[in-house]
Structures are given as structure tokens and as C-alpha cells.
């Protein structure tokens, strides 16, 4: 009833972080954290999707299992890296020693492991690269999520970490052979900014160096950092990706998504040069506040976001659905009345607003979206979203709103992606009653489902 038609999701069981995203031998590859045994996510493997065109996806099965002494308690997150015609994956192997440990300062092994694929599907033997003994001694056992890249004849790696003084940081390494890695310094913040930084990634966008990561333990706010854990980026115009060590200004950190369900994104470069991003449509540690009970009852939990293209605009990175997504549209309709009934359970809507003028959008009298006095509000008015309530984003004015509605999820794009909000939504009917007030006009399209081979999605 709640299975998605526009978003990558697990065939069964649990899904979280996207992993190893890359374009290799004519295919987009999206690996992901996967626990096929059930919706609560006990084990951690890598599942695998591929696509030719970002709208037709094929589930390729489990790509990485936790089947060595180095990763016996989970094949955690990592990256995909193409070099010399091969796809190389790097990930964290998690080991939990039996005994009375806190598993932060003792009892946990955090191993960097690599494996190589010559075809993008099967991988060769795993190789152990780094262990706890290879990290600076002022780090706890929480070190994970490698990203690797090449510049000229050298290789670089970053790892998210938690220091012994409970501050987050990123460890940087350099290598000439991808086997022996030399520590080159840390990335730290000027002031307090959480106790752990995970899922780090770096890339260039229009000549600017971007560092993305997920700080855990930052202070929650009313219009920013509203979830328990967060993900975002800083732009580092004072350094190159291969020379990241140093101090960053945490005040320049900008969140990727202001909704209820977004975390641990990865980016990749498309063959035409576009920088693409996809995140996990979920947030760890939020179970006491809200949940996905309707999908858990169906035996699965979580999904990915839509694939989005990144563009840089005046110091802000915009996110917007990739152009390929528009090929799913059919039956264009104008929003001519204040109330419109959309019969499809998946649809795409673009609404124009007048600069500086308040507006209101409602879905089924259950969801309210409104802008007024410099802030956009997303609120659930009934118990239709597993306990999700209200999220805000500060934005001076709104002139364009795009809403993409999947069966049990929607994504909101303000001003062509200047701000984005992603949320689960468990409505009990296929149709949507869309009410708009105070807008200049709009258009909606019914959508065809994405093709998903190897799952039970039709």
C-alpha cells in the first residue's frame, strides 16, 4: 500500500545510507546500506542498483557482505572510485568485541577495507588498509565512511571521526599506491560543532571546493538543525580538495534539506559533467519522535531521495531533480481553481508565487505548506505522518514551489532548489485534494512510475 514508485527503496527489509555512487561502464551505480532480514535493520550489507538513464533501475542483489574478520559486524558506508578501468570500493568494516565496552572508546574495530571490480558487479578479494592503530591516538573508535579520489599521480582519503574530547573532525590521508596511507592532518571547526562528523565527501562545483559531512550532536534549533542529526556542506574557496586539512568556520555550514527525512547523502559526477546528489530519506535516532510504522508493517523501511542535480548560485548550492525525471510526466493540467483533485497517487506540481506575498498550500486538509514573513512552514495537521509535526526554513521570499508526491513521500523545492524539504507522508487514499491560496498560478502532471527491475515494485 505504501511502497514507493519514484524512489529507490529496499526490495525488503531496511535501507539507509547511499554508498559507492558512481558512473562506470555506461551505468549509474548506487549501492546502499542494506539489511534484508527485516525492517529494523540488524545486519549491514551493501545492496546495489544500476541504471542507464536514472529512470530505469535494476536491483542487482547484495554487493558486499560482512563475511570477514575485518567486517563481521557490518559493512558500513563508503565510496565507489573508478581508476585504471576498474571500480574500486572502500568502506568501513565494523567489529564489535564481546565484553563490557562502551564501543566508543574501547571494544570497536573501525577498519578501512577495499575490494575491486572489473565489471561493476562482482568484486575480488577484500583487502584491509587501515585499522584503529593507523588513526591518530586522540580519536575514539568512531572513525568511518571513507571517500577516496585521485589527483595527478596521488590518491587521497578522508574519514569521519570523533575525538577523545567528544568533538567531531575529519581525518585526511595521502597515498601513492592506494595501499600505504600517510596521515596529512585533520579538518576541525573553529567552535563547538557536534561530537562526531560522519559521511564526509568533497567535490568541486563550478571551480569551488565543497566539503560535505554529517555532524552529530549539534544544538537543535527552531528553523535550523531541527532533527537530531544533520547533513550539509561548507564551501572552502581557500583550499583544494587534496589539501583540506585545517580549520573551517562552522557558521558557514548550510543544511542540504530542512525536512524530516534526509541524511548521509553522496554525490557523483554524471558523464556530461553534472554533479548529482542522492540522500537517505531518513534520519537516525528519531524513533522516539516519529516513525514509519505503516511501512514496517509491510516489512520494509526507508528509501532514497530523488536524484538531484547541484548548481552553485551566489554561494548557495541549489538542488533540483535531474532533468531525466521530467520524462515521467504525462497529462499536464493547469491549477485554475482554489481546489484541485489529483486522481494519481504520484504527481509533480509547479506553483508560481508573487514575491513577498503570503501563500498557503494544503494536501487533503492534512498537510499545510505556507510562506509568511520570511519563513516557510511545513506542518502535518493530523496523525498522517507517523508523529512528524512541523519544520521551518528561513527564506526571504518564495516565487516558485515544486512539489513531487510519491505514494508515501513528497519532496518540496523552493525557488528552484534554494531550499528543499523531504518528508514521509502516510495518506490513506490514492487521490490528493490540493488547495492553494494566494499564488499566481500553477501546473501539475501525473507521473509514470520509474521502472524497477528485481523488486516487487510494479
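Brief remarks follow.
This table checks each residue for (1) in contact with a helix residue (DSSP H, G or I) (Cβ under 7 Å, 6 or more places away or on another chain); (2) more than 20 Å from residue 262 (Cβ to Cβ); (3) in contact (Cβ under 8 Å) with a residue 60 or more places away in the chain.
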| residue | (1), (2), (3) |
| --- | --- |
| 6 | no, no, yes |
| 14 | no, no, yes |
| 17 | no, no, yes |
| 25 | no, yes, yes |
| 29 | no, yes, yes |
| 46 | no, yes, no |
| 49 | no, no, no |
| 56 | no, yes, yes |
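- Among the conditions (1) assigned to a strand (DSSP E or B); (2) assigned by TED's automatic domain parsing to the domain that holds residue 404; (3) in contact (Cβ under 8 Å) with a residue 24 or more places away in the chain, residue 370 misses just one, which is (3).
- Note on region 428-450: among residues that are in a loop (DSSP other than H, G, I, E, B) and modelled with pLDDT under 95, the one that is surrounded by the most Cβ atoms within 10 Å (Cβ to Cβ) is 438.
- Residues in region 270-280 that are in a loop (DSSP other than H, G, I, E, B) and touching a strand residue (DSSP E or B) at 6+ places or on another chain (Cβ under 6 Å): 270, 271, 274.
- Residue 215 being surrounded by 17 or more Cβ atoms within 10 Å (Cβ to Cβ), out of contact with any helix residue (DSSP H, G or I) (no Cβ under 9 Å at 6 or more places or on another chain) and under 26 Å from residue 276 (Cβ atoms): no
- Pick from region 322-332, criterion touching a strand residue (DSSP E or B) at 6+ places or on another chain (Cβ under 6 Å) and under 30 Å from residue 46 (Cβ atoms), ranking: surrounded by the fewest Cβ atoms within 10 Å (Cβ to Cβ): 322
- From the list 185, 201, the lone residue that is part of a strand (DSSP E or B), over 26 Å from residue 319 (Cα atoms) and in contact with a strand residue (DSSP E or B) (Cβ under 9 Å, 6 or more places away or on another chain) is 185.
The rows are residues; the columns are (1) assigned by TED's automatic domain parsing to the domain that holds residue 387; (2) surrounded by fewer than 20 Cβ atoms within 10 Å (Cβ to Cβ).
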position	(1), (2)
296	no, yes
302	no, no
305	no, no
308	no, no
313	no, yes
334	yes, yes
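- Taken over region 204-242, the residue count meeting the criterion of being over 16 Å from the mean Cα position of the chain (by Cα) and part of a loop (DSSP other than H, G, I, E, B) is 16.
- The requirement of being closer than 26 Å to residue 151 by Cα, at pLDDT 95 or above and under 19 Å from the mean Cα position of the chain (by Cα) is satisfied by residue 198.
- Residue identified as over 18 Å from the mean Cα position of the chain (by Cα) and within 19 Å of residue 303 (Cβ to Cβ) among 433, 407: 407
- Residue match in region 184-204 (condition: without any contact (Cβ under 8 Å) to a residue 24 or more places away in the chain and assigned by TED's automatic domain parsing to the domain that holds residue 136): no
- Taking region 30-58 as the range and being more than 15 Å from the chain's Cα centre (by Cα), surrounded by 18 or more Cβ atoms within 10 Å (Cβ to Cβ) and assigned to a strand (DSSP E or B) as the test, the residues that pass are 35, 45, 46, 47, 48, 49, 50, 51, 57.
The values are calculated or read from the model by the stated rules, or taken from the named source; none is laboratory data. Predicted model only: the values in this text are computed from it and were never measured. FYI the Cβ positions are ideal-geometry reconstructions off the backbone, even for glycines, and counts take in every protein chain you see.
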